[in-house]
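To start, the structure under review is shown below, and the notes come after it.
Since every read-out is calculated from the coordinates, none of them should be taken as a lab result. Predicted model, so just to flag it, every value in this text is computed and none were measured. So basically every Cβ, Gly included, is an ideal-geometry build from the backbone, and we count neighbours across all protein chains shown.
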Amino acid sequence: MSSFTHLNEQGRARMVNVSEKTDTEREAVACSSVFMKPSTLQKIKEGTMKKGDVLSVAQVGGIMGAKKTSDLIPMCHNIFITGVDISFQLNEKKGEIYIEARVKSTGKTGVEMEALTAVSITALTIYDMCKSIDKEMIISEITLLEKSGGKSGYYKKRR
């Protein structure tokens, strides 16, 4: 038997069977940043981007991304998400939009990938909405900040 959890006895990919696991409340928080020209951030704040309200669209995109994670990441389980919240902090001095996603579920497997996907899709949506005026934007530091629930318990990233 293989010691790799996602390989079967023939050494081929498999999805781990989680049916024996206990349902627990699970939560994960991830973050990312999009860096841009100050003029781009100003247009976002003023709501004057040609494509519309960048942060509202990006927020919906991130929520949709969390819900579609198992369609995008090959070995992710399709889980029942009980909540997704995406928040933004704008830093005009750095030309940064800091994104944080909090995803919750009650089930047999964690929501870390859903939180990471949520911030990724949020950041990509911001890029898509602003690329006509700022192709030099940088999406940076997609990171898991914390997670709770399940056998491995609580994790918090050291800063």
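For residues in the stretch 20-57 being out of contact with any Phe, Trp or Tyr (no Cβ under 9 Å at 6 or more places or on another chain) and among the β-branched types (Val, Ile, Thr), which is surrounded by the most Cβ atoms within 10 Å (Cβ to Cβ)?
Among residues in the stretch 20-57 that are out of contact with any Phe, Trp or Tyr (no Cβ under 9 Å at 6 or more places or on another chain) and among the β-branched types (Val, Ile, Thr), the one surrounded by the most Cβ atoms within 10 Å (Cβ to Cβ) is Val54.
Please specify each residue of the stretch 1-52 satisfying the condition of being closer than 30 Å to Lys135 by Cβ and part of a loop (DSSP other than H, G, I, E, B).
Of everything in the stretch 1-52, those that are closer than 30 Å to Lys135 by Cβ and part of a loop (DSSP other than H, G, I, E, B) turn out to be Met36, Lys37, Gly47, Thr48, Met49, Lys50, Lys51, Gly52.
State whether the residues of the stretch 135-142 include one that is farther than 23 Å from Met64 by Cα and free of Cβ contacts under 8 Å to residues at least 40 places away in the same chain. Reasoning before the result, please.
The initial filter retains those residues of the stretch 135-142 that are farther than 23 Å from Met64 by Cα, namely 135-136.
Okay, now just the ones that are also free of Cβ contacts under 8 Å to residues at least 40 places away in the same chain, so 135.
Yes, the conditions are met somewhere in the stretch 135-142.
Anything in the stretch 1-19 that is surrounded by 12 or more Cβ atoms within 10 Å (Cβ to Cβ) and small (Gly, Ala, Ser)? List them, or say none.
Residue satisfying the conditions is Ser2 alone.
Do any residues in the stretch 72-91 that are in contact (Cβ under 8 Å) with a residue 60 or more places away in the chain have Cβ atoms under 7 Å from those of residues that are part of a helix (DSSP H, G or I), where the two are at least six apart or on different chains, and which pairs are they?
These pairs meet every condition: His77/Ser70.
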